[in-house]
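Undergrad: I have a structure here, written as structure tokens, and I will follow up with some questions on it.
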Amino acid sequence: MELDKSLVSGSMALLVLKLLEDGDKYGYQMIEELKRRSDDTFHLKAGTLYPLLHGLEEKGFVTAYEREAAAGKPRRYYHLTKEGGAALREKEESWNAYARAVGRVLKGGACCAGA
């Protein structure tokens, strides 16, 4: 089953920040890591990732730097800033509250039986 793209787009900044929480990564590495962690559910395209990263950089949530690659041109790595870590925690809390609320609705209102 293919995911509804509108569900994915709203959560992509959260997922990218989460990927950077455990260390700096370059773009292709993030794309592959997201695929792996999601059991091949999320297939982020470079044309979606890089504008998102630039927006996160403008907000001060990530910084970027270049590092020489073993072969070829230098790679651009992204680093989660202190502000980005705070934004990640806030986005995670919001997402978890949202997911709990959706879960309650999908269960048919079991939490409110007899109300």
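Undergrad: Any chance region 35-50 includes a residue that's closer than 16 Å to Leu88 by Cα, part of a helix (DSSP H, G or I) and touching a Gly at 6+ places or on another chain (Cβ under 8 Å)?
TA: no
Undergrad: Filter region 72-92 down to residues that are within 20 Å of Ile31 (Cα to Cα) and surrounded by fewer than 11 Cβ atoms within 10 Å (Cβ to Cβ) and give me whichever is modelled with the highest pLDDT.
TA: Here the residue is Lys73.
Undergrad: Here is a follow-up. Would you please list the contacts, defined by Cβ atoms under 7 Å and residues six or more apart or on different chains, that run from a residue in region 35-58 that is on the phi < 0 side of the Ramachandran plot to a residue that is surrounded by 16 or more Cβ atoms within 10 Å (Cβ to Cβ) and not in a helix (DSSP H, G or I)?
TA: Lys35/Phe42; Leu53/Val62; Leu53/Tyr78; Leu56/Val62
Undergrad: Just one of (1) closer than 13 Å to Leu20 by Cβ; (2) in contact with a strand residue (DSSP E or B) (Cβ under 9 Å, 6 or more places away or on another chain); (3) not in a strand (DSSP E or B) trips up Tyr77, so point out which.
TA: Just one mismatch for Tyr77, condition (3).
Undergrad: For region 47-91, how many residues meet the condition of being more than 14 Å from Leu14 (Cβ to Cβ), small (Gly, Ala, Ser) and in contact with an Asp or Glu (Cβ under 9 Å, 6 or more places away or on another chain)?
TA: 2
Undergrad: Here's a check for you: in region 35-60, which residue that is more than 13 Å from Tyr78 (Cβ to Cβ) and of a type in the set (A, V, I, L, M) is surrounded by the most Cβ atoms within 10 Å (Cβ to Cβ)?
TA: Residue satisfying both the conditions and the ranking: Leu44.
The values are calculated or read from the model by the stated rules, or taken from the named source; none is laboratory data. Predicted model, so just to flag it, every value in this text is computed and none were measured. Glycine gets a Cβ as well: all are built from the backbone with ideal geometry, and neighbour counts include every protein chain shown.
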